[in-house]
Amino acid sequence: MDSSVSFIISSLVVSLIMAFTYFARKKVNTSETKVYSYLIIISILGSIISIPLYFLIKDYQSFNLFTFLIPRLYLLYIMVFVFTIVCYFRVIAAKINEKYFFGDVEMFFSIYLFINLIIILILPMEYHNSNGEVYVNGIAVYYTYMLCALECIYMLLVLVRNITMIKSKKIIPVLILIVIGIMAALMQFFSPGVRVITYALSLIVQIMFFTIENPDVKLLEQVRLAQEETDKANKTKSDFLSIMSHEIRTPLNTIVAFSDSLKDKDFPKNDKEEIKDIYDASLSILETVNGIIDISKLENNTLEIEEVNYQFSKVYDELVMFTKERLKGNKKINFKTNLTNDMPKYLYGDSFRIKQIMLNLLSNAIKYTKEGYIEYDVRCINKGDICRMVITVSDSGRGIKKSNINRIFDDERIINNKNIVEGTGLGLSVTKKLLELMDGQILVQSIYGKGSQFRVVLDQKIVEEQEIIENKERQNKANEITGDLSHKTVLIVDDNQMNLKVAQRLLAKYNINIETANSGFKCLDLVKVNKYDLILLDDMMPKMSGKETLEQLKTYSNFNTPVVVLTANAVYGVKDEYITLGFNDYLSKPIEKDELNRVLKKYLDK
């Protein structure tokens, strides 16, 4: 086989292999990869055109349409290939220096292709087949070489003007094109029968495969960047929740503590009821804040079920009262309630999550029922020490289309007859996740336009009343302060004056000596001259946070006072974070009496 044909077939085979390898794998669609895709296709087409071109010229006997078109198509292939390399060069140059990229390349390419096709069709061409050499020559060929040479000179001048481009590996194919192109052109000029241009251009495509941005690496990089963005967004969200928790829970700390302390005072009956209402309302707001934080915990798969002994009738009554308050003044809706008589008095489980779930279902019923009824029904099946609760919320509201029923627990928003149907509170998808965490189920039945029924099935452990009493006694005994704390001194550090007042009131009954500081700087000054048995240190303070204050305290020689962080930040994991930073313990705001008692027992009653 003629060496020229061997070069052509080799270039075709290699181009096909490169095309299969490149297009078979997943790619990132960038300007660079797009241009490279064009180059592979052009290279294959050029190799395909070269084969019949060789035999047409070799067996050239008379002028015909094929002998006229195919050589000119080959010249057009060379022009288009070199121009595509220039386009690639512009893409790379634009990334390094934007001033070297210009205009609409595709429009320029179309104009370029059309003009040069006309020129090549017009210019004369000569066919040679003598002494074993088969080639074409003439003005059309010289024009093609000249045009490609000018494009190479253009790229070379740009590189010389901006030498920093040469440092990029992406410029290597351009340099190779200039070097190999010049060598191939000279070789073909002096030995026209040696057909190496097709193979040379194919070789450039092969080299580019290893210098162009690897699509797989690019994808991994995009995944990494996306993960970084996600982590950044999660951190921003966590920071926001932390700040929000602090800003809301801080004033709640005052309301809860003061209203709780006033409940036992000797006030007129009406005043005592109103104080209790304030206390209950503040706890309700606190539960709402905790519920919002729980959404973040669910998304991060960090939410934990906190099971305790509880009285279900209290949860039931609170939800009934909430619903009646929401429906107050709405005479078009009849609110029906039913609590089975055989419901055990005490159960063991996460009453807070159960309340969140039912609050969401009742809120939805209220939102989407304009008239008719809402029914809140609780029944149970008791077997051994397990109570299977069946809680049903029914309504005569909008209802849900059959096609959407299976989606409502997956999507927060569902388009239903051009109206957006969505959950309130935690949302139905979160409601389902909470139930799954507690090994419960939620079922839904609905007739569009007539109403819906949501049924929750959940097992809870039955707890005997005597066990509740005994547990309470054990807990009280464990946290009971038996010693005299009047000789103990506690330093409370908080920038909020009301928080200082609340903490002082809570500690007053223990006869503890109390000192206060409204900043980390003040705390450091006091510790230098005084000895304290315990420090309650707020974290989110201006200028010097609790963390920064603790760092400074740790630098003092012989400093061994227990430091308990006092914070309104209740985001998941924050307690472990504070302990890792060196705090001895953690108290969240609003301060719970039992938790405060535990801390005082642990660090002062020795």
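The values are calculated or read from the model by the stated rules, or taken from the named source; none is laboratory data. For clarity, every value in this text was computed on a predicted model and none was experimentally measured. Note that we place each Cβ from the backbone using ideal geometry, even for glycine, and neighbour counts take in every protein chain shown. These area figures cover heavy atoms from the full protein model, side chains too; ligands, DNA and RNA do not enter into them. Shrake-Rupley method; radii C 1.70, N 1.55, O 1.52, S 1.80 Å.
Just one residue in the set 81, 89 is part of a helix (DSSP H, G or I), at pLDDT 80 or above and surrounded by 19 or more Cβ atoms within 10 Å (Cβ to Cβ); that residue is 81. For the range 539-561, the condition of being in contact with a strand residue (DSSP E or B) (Cβ under 7 Å, 6 or more places away or on another chain), part of a strand (DSSP E or B), buried (at least 19 other Cβ atoms within 10 Å of the Cβ) and in contact (Cβ under 8 Å) with a residue 12 or more places away in the chain holds for none of the residues. Residue 359 meets the conditions (1) over 19 Å from residue 433 (Cα atoms); (2) touching a residue at least 12 places away in the same chain (Cβ under 8 Å) in every case but one. The failed one is (1). Note on the range 320-355: residues that are open to solvent by 80 Å² or more (accessible area, probe 1.4 Å), touching a residue at least 24 places away in the same chain (Cβ under 8 Å) and outside any strand (DSSP E or B) total 3.
Pairing each residue of the range 85-100 that is closer than 13 Å to residue 31 by Cβ with any residue that is of a type in the set (Lys, Arg) and modelled with pLDDT under 70, provided the two are 6+ apart or on different chains, yields C-beta distances under 6 Å for 92/170. Inspect the range 308-319 for any residue being assigned to a strand (DSSP E or B), free of Cβ contacts under 8 Å to residues at least 60 places away in the same chain and open to solvent by 60 Å² or more (accessible area, probe 1.4 Å) and give the result as yes or no. Checked the range 308-319: at least one residue is assigned to a strand (DSSP E or B), free of Cβ contacts under 8 Å to residues at least 60 places away in the same chain and open to solvent by 60 Å² or more (accessible area, probe 1.4 Å). The C-beta contact set for the range 103-131 (first residue modelled with pLDDT of 70 or more, second residue open to solvent by 70 Å² or more (accessible area, probe 1.4 Å), distance under 7 angstrom, 6+ apart or interchain) comprises 123/139; 124/139; 127/60. For the range 566-581, check the following and say yes or no: at least one residue is surrounded by 13 or more Cβ atoms within 10 Å (Cβ to Cβ), modelled with pLDDT of 90 or more and charged (D, E, K, R). Scanning the range 566-581 turns up no residue that is surrounded by 13 or more Cβ atoms within 10 Å (Cβ to Cβ), modelled with pLDDT of 90 or more and charged (D, E, K, R). Scanning the range 432-443 for residues that are touching a Leu at 6+ places or on another chain (Cβ under 9 Å) and either in a strand (DSSP E or B) or open to solvent by 60 Å² or more (accessible area, probe 1.4 Å) (or both) gives 433, 437, 439, 441, 442.
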